[in-house]
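Right, one structure below, let's go through it.
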There are 4 protein chains.
Amino acid sequence: MEQNALKYLENDRFAALAGIKLVRAEPGFAVARMEITENHLNGVNRVQGGAIFTLADFAFAAASNSGGIVTLGINVNISYFKSPKGKVITAEAKEISSGRKICGFNVDIFDEDKVLVARVSALGYKLGSEL
Amino acid sequence: MEQNALKYLENDRFAALAGIKLVRAEPGFAVARMEITENHLNGVNRVQGGAIFTLADFAFAAASNSGGIVTLGINVNISYFKSPKGKVITAEAKEISSGRKICGFNVDIFDEDKVLVARVSALGYKLGSEL
Amino acid sequence: MEQNALKYLENDRFAALAGIKLVRAEPGFAVARMEITENHLNGVNRVQGGAIFTLADFAFAAASNSGGIVTLGINVNISYFKSPKGKVITAEAKEISSGRKICGFNVDIFDEDKVLVARVSALGYKLGSEL
Amino acid sequence: MEQNALKYLENDRFAALAGIKLVRAEPGFAVARMEITENHLNGVNRVQGGAIFTLADFAFAAASNSGGIVTLGINVNISYFKSPKGKVITAEAKEISSGRKICGFNVDIFDEDKVLVARVSALGYKLGSEL
């Protein structure tokens, strides 16, 4: 991964607050993980939707910015299928299309049993400047 | 607001971690706010997308659960328009349609200057049990 | 409405095939309608989702192109709430945010009883060339 | 494929109007295709977004109804990446998650060169009655 991109991701304080770790990042692909703690739970003790989203969105940011071009998320669509089981959830982001200015990503979110708990479709806008 | 719904919202630990406050909640409508701190920033010092989403999702949860029927978010679509300015962002969730099992909400997210920075469309599924 | 934009909309052959009429169009706002015929029905005699979408998307195209700048739809999110009643459905598209390259629209789709049957959130990308 | 499901799909008049052919359908998977004619074009001679959506939505309907349980589309999110080249576009719908009432599908839309021109994420609601 491009060095400035790595700095950019390490400097993401909301991701840090949410306990998100970057597992892997290369242009067009990234994996991030989150160990579930009490901090991630909602009022009925499920993993909160915003926590799952934030993990997915961070994987998307890692995959879309790893090449060194600043890419902003402009639309993110998340569907929630299951409540995650186990202590860890993982998000895998993958580029599915890349145009001059717009790129599309798929992010699959799995629980510890490798069950797909949520799916994200995301659109990025390439600012064109370098990180 | 129904008392168990209030407890449910107060017990949301990820919303608490994100510094989200419930301003108002009644069946079909809710307002939540977040004071921006360093914790909410991403690697280029903008408010992180997951923080904005979490605020909007919490307002949606408040509006959709305030009547006391457990309602799960099943799809949330967010478009990001502007980077928020100022120290506070506010999310207003409003029911736009309610069926027997499925309900639809709109959530507008404003910055301190009342500029619309993001828009959420959300679908809820009514579990049918009470909180 | 700008004259080339009008020609562009009148030359939309899929919208014509679907029986869609433009009721009103100005920069940032448009209304389109569709009289329901047997052609619009799916296998269980409801108005087909693609017909409803096409109406909404056309209203979005009218609202986003009326100023004369070519704007492409890049993401469209539709939620279906009710099966339309009556003989006509109407879509009202309204700009909710406009940036240099990206714009956001809301489209409400009503049946003949003015019931909200579907809601669209759409993102446009301004090509920058003129129609 | 279940026989009533086949009748249901063959009786879809809007899909027929749009020139859509079912190539394959089984529970959780379906392929549909559309030969591009002048009828499918918008005002600037590209394949109209509603035509692409209708093809994808039909593939989703085929995949989600093939087992014989009536499944309604409740949310469909489409991202458009490229203008299709060639004379045919094809949509492949695949179930990615299935719960008791809610199911999720992915639909990839390819042009004649096998380029991914659009991607759909769709949520279905299982009515529970049989077709």
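Here, each number is a calculation from the coordinates, and none is a lab measurement. Because the structure is predicted, anything quoted here is derived from the model rather than measured. All Cβ positions, glycine included, derive from the backbone under ideal geometry; neighbour counts span all protein chains shown.
Before moving on, here are some points about what is shown:
- Of the criteria (1) under 13 Å from the mean Cα position of the chain (by Cα); (2) of a type outside the set (Gly, Ala, Ser); (3) on the phi > 0 side of the Ramachandran plot, which one C:Lys114 fails: (1)
Quick grid of which residues meet (1) closer than 23 Å to B:Ala56 by Cα; (2) more than 11 Å from the chain's Cα centre (by Cα); (3) buried (at least 23 other Cβ atoms within 10 Å of the Cβ):
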position: A:Glu26; (1), (2), (3): no, yes, no
position: A:Ile36; (1), (2), (3): yes, yes, no
position: A:His40; (1), (2), (3): yes, yes, yes
position: A:Gly50; (1), (2), (3): yes, yes, yes
position: A:Gly68; (1), (2), (3): no, yes, no
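- Breaking point among (1) away from chain B (no Cβ under 13 Å); (2) crowded, with 24+ Cβ neighbours inside 10 Å; (3) polar (S, T, N, Q), for A:Asn75: (1)
- The one condition in (1) small (Gly, Ala, Ser); (2) within 13 Å of the chain's Cα centre (by Cα); (3) facing chain C (nearest Cβ under 9 Å) that D:Ala59 fails to fulfil: (3)
- Any hit, the stretch D:1-14, residues being within 27 Å of B:Asn77 (Cβ to Cβ), small (Gly, Ala, Ser) and touching a Leu at 6+ places or on another chain (Cβ under 8 Å): no
- Any hit, the stretch B:33-49, residues being among the small types (Gly, Ala, Ser) and in contact with a Ser or Thr (Cβ under 7 Å, 6 or more places away or on another chain): no
- Unmet requirement for C:Lys94, which otherwise passes all of (1) touching a residue at least 60 places away in the same chain (Cβ under 8 Å); (2) within 18 Å of D:Phe81 (Cα to Cα); (3) surrounded by fewer than 24 Cβ atoms within 10 Å (Cβ to Cβ): (2)
- Residues of the stretch D:1-58 satisfying the condition of being touching a strand residue (DSSP E or B) at 6+ places or on another chain (Cβ under 6 Å), of a type in the set (Gly, Ala, Ser) and either within 30 Å of C:Tyr125 (Cβ to Cβ) or part of a strand (DSSP E or B) (or both): D:Gly19, D:Ala30, D:Ala32, D:Gly49, D:Ala56
- Scanning the stretch D:82-96 for residues that are under 17 Å from the mean Cα position of the chain (by Cα) and not aliphatic (A, V, I, L, M) yields D:Pro84, D:Thr90, D:Glu92, D:Lys94, D:Glu95.
- Just one of the listed residues (D:Ser83, D:Ser66) is more than 7 Å from chain C (Cβ to nearest Cβ), under 27 Å from B:Ser79 (Cβ atoms) and among the small types (Gly, Ala, Ser), namely D:Ser83.
- A:Arg100 vs. criteria of a type in the set (D, E, K, R), closer than 21 Å to C:Asn77 by Cα and touching a residue at least 12 places away in the same chain (Cβ under 8 Å): no
- Boolean, A:Gly28 is in contact (Cβ under 8 Å) with a residue 12 or more places away in the chain, within 11 Å of chain B (Cβ to nearest Cβ), in contact with a Ser or Thr (Cβ under 8 Å, 6 or more places away or on another chain) and not hydroxyl-bearing (Ser, Thr, Tyr): no
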